[in-house]
Each structure stands twice: as C-alpha cells, then as structure tokens.
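Below you'll find the structure, written out as structure tokens, and then a few comments.
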Amino acid sequence: MNEWSSRIPLEMGGTRLDAVLGKLVEHVSRARLKTCIEAGLVTVNGQVVTRARQVMLGGELLALVLPDREVLTYEAQPIPLDIVHEDEGVIVINKPAGLVVHPGAGNSDGTLLNGLLHYDTQLANLPRAGIVHRLDKMTSGLLVVAKTEAVQLALTDMLKEHEVVRIYDAVVVGALVSGGTVEAGIARHSNDRTKMTVNDMVGRDAVTHYRIAHKFRAHTHVRCQLETGRTHQIRVHMAHIGFPLLGDAEYGRRLNLPRGMSEASANVLRAFKRQALHAAELAFVHPLTNEPVSFEASLPEDMQSLLAALAADTEAHPVV
C-alpha cells in the first residue's frame, strides 16, 4: 500500500474529484484512480468519498491509499521476440503475423504477453505486461511495450492525443485512383460482436489517412496513417470505401483473380491467408529523454511475395 495526500489548489475549485486526482497524482492512470475512489480509498477532509464526479471547492485535504498492483499470473513462455529496439523505458517489437498480442477467449497462452513475461519478469508488475497498443493476430509489424508504469501512462496519453505516428503498408482489392482520408465512426457490430462496423451515430471517432504507394492491375498498395487507433480501424475503413484489404476474411471479399493472371502469380494470391496489413513505421517522443525516436520494420516475406506477384501480373497486362 502507498499513501498519498495533498491540499487541493484553490484554482482547482469547481473540478471533479477524478480530474483533480488525475492532475495531482503522477504516473497513475485515470482508470486506476477511479477504481480507488469507488473502493473507498479516497478521503476529502477526512471523509471517504466514493463519487468520482463530486465537485471540489478547492483547498480541501485530499488523501489516497494506492494498493500495490497485482502481479500478472499468466504463464511466462519462451516465445521468440523480434526486438527492434530496447532501452530503459521501452521495447519496440516487430510482431509476426499469427501471434496474438494478449491472452483472451480461445487464446489462453502462446501470446506476445506470455513471451514478454519470460523475456523480462519485471513486466509482470505492469498492466498488460507493459503493452501500450495492440495489433490484430494476423497483422504484422511494430508495436511498443513500456518497461515502467510511468512510461506506459505517458505513451497511452500520447496515443489519446494523436502524438504517436503509426504508418501501415496495406494491399487493397481494387484500383484506387488517388489517396484520401476516411473519417467515419467505428462501433461494435450489432449482430457479430467479434466484428466492428462504421456507425457515425454511436461509433467512436476514427480517422485514417491513405496514399497510393503502387498501382497494380486490380489491386493497390497503399500506405495508411492512423490519426486514431480503433479496433480493426484500417480494415473497416478501407472496406467501407469499397477497397477491402486483400485476404481479409472478416471484412473482405472472396478471392477473385484477374482474368489472364499467370498460374504462378495466382498461386501466390491463393496462398496468402491473412489480411495484407503490416505496421511499418512507428514514431513518438521518448518519455524518458523527450527526444523524438522512430522505427521501421521491412515488409515480411509473404507481403514481399504478394507485391512481386501483383507487379508481375501488371507488367504482363499493362493498363492501356
């Protein structure tokens, strides 16, 4: 248990209790502070207050008992990790397609989190073993893991403020004419709770910028930059504008090979069994040094082969 107390500044009068705590208590997430309030671990002038929305007058004595964080009990497993960068504050990992990031229904172990617990036992003391953001199971590429709670909180706040640059390579079905921006709210699908859908009425704001990297006969290689980071965002947004990701079983179409495609190229497309999406670039201001850092991950072999097959097909059937 850790105990903390402070007098609320007069200028914070009129501010909600949870917001006051969020400003005054450093390196603790708002969600964790709200849990403490609801658990009766916060007092104002010696009286327990359990309403996060209670408005403060300013000048009150605020006290908090912060329980020690529970250590994660997931099994540590020797899962290979492709570490692009590591320092005192962060680990940047190039995740392969097929690796689940966090245990969940149907994936109790064998995840990136299990591998992180084996790689560094201290990560068991952090929420989600320090994982700041996730990638879908069948998406490859870069993600960042924090090594301290302060760094994890700082990076999480940067994500919320759109201060983390995340650029993805994707291959979509269809011949895009130009780049653009998709602004469309994303919500949980009403009939299939494993899927997301565009819903501007109840969905959370979501913005994806995309530009053309290469044009092929019936497909387009695009680079997508996330302004927000909703679940399945790029996959949902590109499908919404009529250009779903190649190989996307949830939001895409059945494979329809262009007429006249060579058997060699067709076999590459048939063998590609995941959404063609790779987190290629990641950049942010490092919370410990306040210096900008950036990282890149080259396209994995399966996407390189896919692009080569599409290029060969386009060369054999040039658009007139």
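Each row is one residue, and each column tells you yes or no for (1) touching a Lys or Arg at 6+ places or on another chain (Cβ under 8 Å); (2) within 22 Å of LYS273 (Cα to Cα); (3) assigned by TED's automatic domain parsing to the domain that holds GLU250.
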| site | (1), (2), (3) |
| --- | --- |
| HIS102 | yes, yes, no |
| ASN114 | no, no, no |
| ASP120 | yes, no, no |
| LEU123 | yes, no, no |
| ASP136 | yes, yes, no |
| GLY141 | yes, yes, no |
| VAL145 | no, no, no |
| ALA154 | no, no, no |
| ASP157 | no, no, no |
- Message: For segment 296-320, which positions are under 17 Å from the mean Cα position of the chain (by Cα) and either in a helix (DSSP H, G or I) or crowded, with 16+ Cβ neighbours inside 10 Å (or both)?
- Response: ALA297
- Looking at segment 96-118, is at least one residue exposed (fewer than 14 other Cβ atoms within 10 Å of the Cβ) and in contact with a helix residue (DSSP H, G or I) (Cβ under 6 Å, 6 or more places away or on another chain)? no
- Message: Being touching a residue at least 24 places away in the same chain (Cβ under 8 Å), under 30 Å from GLY98 (Cβ atoms) and not β-branched (Val, Ile, Thr) is true for just one of PRO78, PRO67. Which residue is that?
- Response: PRO78
- Query: Among the residues of segment 21-60, which ones are over 17 Å from ASP157 (Cβ atoms), touching a strand residue (DSSP E or B) at 6+ places or on another chain (Cβ under 8 Å) and surrounded by 14 or more Cβ atoms within 10 Å (Cβ to Cβ)?
  - Reply: CYS36, LEU41, VAL42, THR43, VAL44, VAL49, ALA52, GLN54, MET56, GLU60
- Positions within segment 88-127 being of a type in the set (Asp, Glu) and within 23 Å of SER29 (Cα to Cα), in sequence order: GLU88, ASP120
- So the strands (runs of 3 or more DSSP E) completely within segment 87-205 holding 1 or more residues that are hydroxyl-bearing (Ser, Thr, Tyr) and in contact (Cβ under 8 Å) with a residue 40 or more places away in the chain are 140-146, 165-173
- Message: Of everything in segment 33-52, what is in contact (Cβ under 8 Å) with a residue 12 or more places away in the chain and assigned to a helix (DSSP H, G or I)? Give them in sequence order.
- Response: LEU33, LYS34, CYS36, ILE37, GLU38
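Only one of ALA297, ALA249, ALA309 is in contact (Cβ under 8 Å) with a residue 12 or more places away in the chain and not assigned by TED's automatic domain parsing to the domain that holds VAL207. Can you tell me which?
Details: ALA249 fails: not assigned by TED's automatic domain parsing to the domain that holds VAL207; ALA309 fails: not assigned by TED's automatic domain parsing to the domain that holds VAL207.
Exactly one residue qualifies, and that residue is ALA297.
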- Query: Which is under 30 Å from HIS85 (Cβ atoms), hydroxyl-bearing (Ser, Thr, Tyr) and not assigned by TED's automatic domain parsing to the domain that holds MET196, of THR228, THR289?
  - Reply: THR289
- Please verify whether segment 216-238 includes one or more residues that are assigned to a loop (DSSP other than H, G, I, E, B), hydrophobic (A, V, I, L, M, F, W, C) and within 17 Å of the chain's Cα centre (by Cα). no
- Task: Quick one: ILE212 ticks every box in (1) assigned to a strand (DSSP E or B); (2) of a type outside the set (Ser, Thr, Tyr); (3) closer than 19 Å to LEU307 by Cα; (4) in contact (Cβ under 8 Å) with a residue 40 or more places away in the chain except a single one, so which number is it?
- Result: (4)
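Would you call ARG274 under 25 Å from ARG193 (Cβ atoms), in contact (Cβ under 8 Å) with a residue 24 or more places away in the chain and surrounded by fewer than 18 Cβ atoms within 10 Å (Cβ to Cβ)? Break it down stepwise before answering.
On the way: under 25 Å from ARG193 (Cβ atoms): yes; in contact (Cβ under 8 Å) with a residue 24 or more places away in the chain: yes; surrounded by fewer than 18 Cβ atoms within 10 Å (Cβ to Cβ): no.
Against the criterion (under 25 Å from ARG193 (Cβ atoms), in contact (Cβ under 8 Å) with a residue 24 or more places away in the chain and surrounded by fewer than 18 Cβ atoms within 10 Å (Cβ to Cβ)), ARG274 does not qualify.
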- Do any residues in segment 9-25 that are closer than 13 Å to CYS36 by Cβ have Cβ atoms under 8 Å from those of residues that are among the basic types (Lys, Arg) and surrounded by fewer than 14 Cβ atoms within 10 Å (Cβ to Cβ), where the two are at least six apart or on different chains, and which pairs are they? LEU17/ARG51; LEU17/ARG53; ASP18/ARG53
- Message: Can you pull out every residue in segment 62-81 that is surrounded by 13 or more Cβ atoms within 10 Å (Cβ to Cβ) and in contact with a strand residue (DSSP E or B) (Cβ under 9 Å, 6 or more places away or on another chain)?
- Response: LEU62, ALA63, LEU64, VAL65, LEU66, LEU81
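The values are calculated or read from the model by the stated rules, or taken from the named source; none is laboratory data. Small disclaimer: the values here were computed from a predicted structure and weren't measured. Don't worry about glycine lacking a Cβ; one is built from the backbone with ideal geometry, like all the others, and counts go over all protein chains shown.
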